[in-house]
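Enquirer: Below you'll find the structure I mean.
What follows draws every value from the coordinates through simple rules; no lab data is involved. This is a predicted model, so every value here is computed, not measured. A quick note on method: Cβ atoms are made from the backbone with ideal geometry, for glycine too, and the neighbour counts reach across all protein chains shown.
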Amino acid sequence: MRLTIKDLTQTFGTTRVLDKLSIETGRVNSLALVGPSGGGKSTLLRILAGLDIPTSGTVTFDGTTLQRDEVNLRLYRRTVGTVFQSYNLFPHLSARENLILPLVHVHRLSRDEAIARVEEPLRRFQLHEHADKRPAELSGGQNQRIAILRAMVVRPKRLFLDEPTSALDPEMTAEVLDMIEGLKESGTDFVLVTHAMNFARRVADEVAFIGDGTVLSHGPAESVFENSKNSRVAAFFQQVLR
Amino acid sequence: MSRSFAHLIVAAAVTSLLILACFQVPGDWNWSGVWEYRQKFISGWLVTLGLSLAALVLSVAIGLIVALFLGAQNPLIEATGRIYVEIIRGTPLLVQLLLGFYVIANAVGLENRFVVGTLVLAAFSGAYMAEIFRGGLNAIPKTQRDSARAIGLTQWQSFRLVILPQAVRLVLPAIAGQLVSLIKDSSLLSVIAISEFTLNAREVNSFTYSTLESYVPLAIGYLMLTLPLSATSRWLEKSFSYER
C-alpha cells in the first residue's frame, strides 16, 4: 500500500487531537504508528479505517482518496478490516458466528459458504476447538485472535490494528504478535498502532512517531528508532527502550 | 431438591392455606349458582386472552419504536417519543380508555370497541415498554456499534443483529413483568363495555349475589394467563443467557 495524508486535522469540541498531520509513505506492507498516549495515534487510525470523518484534510490509499460521507465510508469499510484493543467481539454469538456474520450479512456469502471459509483459518490458528464458545468463555488472547480472524476472513485489502495487545498479559501477547507476524509473511498490508516497540521495529516497513497530533518522525524503522533528529522522539525511545 | 419441585411444594402449601381460610368464611358457599354461568366465564376469559395477546404483540412493537424515538438525534423525534411516554404514564388507563373510545376513535370513525380497546391498552403498555427498551439499548457499550460499523454493517443491520439481541436479554425480565401487568390491566376494558373476563365475573356476581364464588374463578383464570407467560420468559432468559 501507499499512503498519503495531507493536513489532517481532527477536533473534538475545542480539543485539537490531530493538527495538520501529513505523511507520505513509500510502497509498504506494514506501517506502525508509535508514540506517547494521547498523541493522536488511535484517532488517526480510526480515520484511516473509515470509522471517523476528519475535521479537515485528506487520506489517500493507493491513489484513492477517502470520501467524507457515511455511505461511501461504509462501502470503504467493507473492503478493509479493523481490530480493536478490547476485541469488541459480539458477546451473544459464538466465536464461529462472529466470523460468519460479516461474510453472510455484508459480503453476501451463503451460510454454508461462510462456514466453509472460516474453517481453515480456525484450524490454522488452533481456534477450531473453541469455535462454538462465546467470547466470555475464551481467554483474552483467543478473543483477540478471533477478532483478527474476523477482520481477515472477508479478505480485506488491508487491516487496521489498534493496540491489539495492550489488554493482554505477556503470554497472550506473544500468540497475538505471532499471528500479526504471520500477516506480514502472507503479504497482507496493515497499519498498526502499538506500544510494543521491539515488535514494531521487527514487523513494520515504516514507522511514524505521532505526538501532539502530528508526525514527529517518520521513515524506515531503524531510522526512527535509532537516529531520530527530533529530541522528543529520541527522549521517548531512551525512556521506553532502556 | 429441584427448583420446579420446590415451586410445586410452596404453591401447594399456599393453596391449601387459602382453601382452609375459605372454610372459615361464615355462611354457605353457592358454587352451583355460579356453575350455571360457566359459559360466561369461558367466553370472558377467551376475550381477555385474545385482547391481551393482540395488545401484547402491539405493545412490544410500540415500545421498540418509541424507544428508538427516545434515542433519536433529531430533537423533534425525541420530543415526540418523550411527550408520548410522559402523557401515557402520567394519566390513568381508565381515562385513556374513555378518551380513546369516546373522543379519538369517534373522531376518526373507528367503531369497533375491541379494536379500540386493544389499541389503547397496547399504547398504554407500550409507553412503559419504551422506557424499558431504552434502558436496555443504552446499556449496550458503544464499542459494539463501533465494531458493527467496522465490519461494514448498515445502521439497521447493526441494530437488528448486534444491539437488539443483546438488549433483549437485558430487558426480558422487566418486559415479562410489564406483560403480566398488561393482562391484568385489560380488566379495565369493561369501562367501554367490552365483555371481558372481569366484567363477566362481575355480571355473574350481580345475577347470583355470590361474590366470592364469582371472583375466585377470576383469580384462577388470570393466573392461567400470567403463569405461562412468566414460564416462557424464564425459558427465554435461559436460552438468551451468556456471560458478558
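Enquirer: Tell me whether the stretch A:160-177 contains one or more residues that are over 15 Å from the mean Cα position of the chain (by Cα), part of a loop (DSSP other than H, G, I, E, B), surrounded by fewer than 21 Cβ atoms within 10 Å (Cβ to Cβ) and within 14 Å of another protein chain (Cβ to nearest Cβ).
Expert: No, the stretch A:160-177 contains no residue that is over 15 Å from the mean Cα position of the chain (by Cα), part of a loop (DSSP other than H, G, I, E, B), surrounded by fewer than 21 Cβ atoms within 10 Å (Cβ to Cβ) and within 14 Å of another protein chain (Cβ to nearest Cβ).
Enquirer: Output the residues belonging to the stretch A:188-213 that are touching a strand residue (DSSP E or B) at 6+ places or on another chain (Cβ under 6 Å) and more than 16 Å from residue A:31 (Cβ to Cβ).
Expert: A:213
Enquirer: Can you tell me which residue among B:204, B:168 is under 30 Å from residue A:151 (Cβ atoms) and assigned to a helix (DSSP H, G or I)?
Expert: Values: B:204 fails: under 30 Å from residue A:151 (Cβ atoms).
Result of the check over B:204, B:168: B:168.
Enquirer: OK, next. Quick test for you: out of B:216, B:204, B:191, B:171, pick the one residue that is touching a Gly at 6+ places or on another chain (Cβ under 7 Å), of a type outside the set (S, T, N, Q) and more than 30 Å from residue A:75 (Cβ to Cβ). Talk me through it step by step, then tell me what you get.
Expert: On the way: B:216 fails: touching a Gly at 6+ places or on another chain (Cβ under 7 Å); B:204 fails: touching a Gly at 6+ places or on another chain (Cβ under 7 Å); B:191 fails: touching a Gly at 6+ places or on another chain (Cβ under 7 Å).
Only one candidate passes the filter, namely B:171.
Enquirer: What tally of residues in the stretch A:80-106 results from selecting those that are on the phi > 0 side of the Ramachandran plot and either within 7 Å of chain B (Cβ to nearest Cβ) or among the small types (Gly, Ala, Ser) (or both)?
Expert: Start the filter on the stretch A:80-106 by keeping residues that are on the phi > 0 side of the Ramachandran plot, which leaves A:87-88.
Right, trim to either within 7 Å of chain B (Cβ to nearest Cβ) or among the small types (Gly, Ala, Ser) (or both) and you get A:88.
Final tally of qualifying residues: 1.
For every residue, the table says whether it meets (1) assigned to a loop (DSSP other than H, G, I, E, B); (2) surrounded by 21 or more Cβ atoms within 10 Å (Cβ to Cβ); (3) away from every other protein chain (no Cβ under 14 Å).
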{"residue": "A:22", "(1), (2), (3)": "no, no, yes"}
{"residue": "A:32", "(1), (2), (3)": "no, yes, yes"}
{"residue": "A:45", "(1), (2), (3)": "no, yes, no"}
{"residue": "A:51", "(1), (2), (3)": "yes, no, no"}
{"residue": "A:54", "(1), (2), (3)": "yes, yes, yes"}
{"residue": "A:57", "(1), (2), (3)": "no, no, yes"}
{"residue": "A:67", "(1), (2), (3)": "yes, no, yes"}
{"residue": "A:71", "(1), (2), (3)": "no, no, no"}
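Enquirer: Another question, if that's okay. What do you reckon, is residue B:132 buried (at least 19 other Cβ atoms within 10 Å of the Cβ), within 30 Å of residue A:86 (Cβ to Cβ), out of contact with any Ser or Thr (no Cβ under 6 Å at 6 or more places or on another chain) and away from chain A (no Cβ under 14 Å)? Steps first, please.
Expert: Details: buried (at least 19 other Cβ atoms within 10 Å of the Cβ): yes; within 30 Å of residue A:86 (Cβ to Cβ): yes; out of contact with any Ser or Thr (no Cβ under 6 Å at 6 or more places or on another chain): yes; away from chain A (no Cβ under 14 Å): yes.
Answer is yes for this residue.
Enquirer: Sort out which residues of the stretch A:107-134 are outside any helix (DSSP H, G or I), more than 14 Å from residue A:94 (Cβ to Cβ) and either more than 14 Å from chain B (Cβ to nearest Cβ) or in contact (Cβ under 8 Å) with a residue 24 or more places away in the chain (or both), and write them in order of number.
Expert: Listed by number, the residues that qualify are A:107, A:110, A:125, A:126.
Enquirer: Just the residues that are under 17 Å from the mean Cα position of the chain (by Cα) and assigned to a helix (DSSP H, G or I), please, taken from the stretch A:199-222. First the steps, then the outcome.
Expert: So the first thing to find is which residues in the stretch A:199-222 are under 17 Å from the mean Cα position of the chain (by Cα), and the list is A:199-210.
Residues satisfying the conditions are A:199, A:200, A:201, A:202, A:203.
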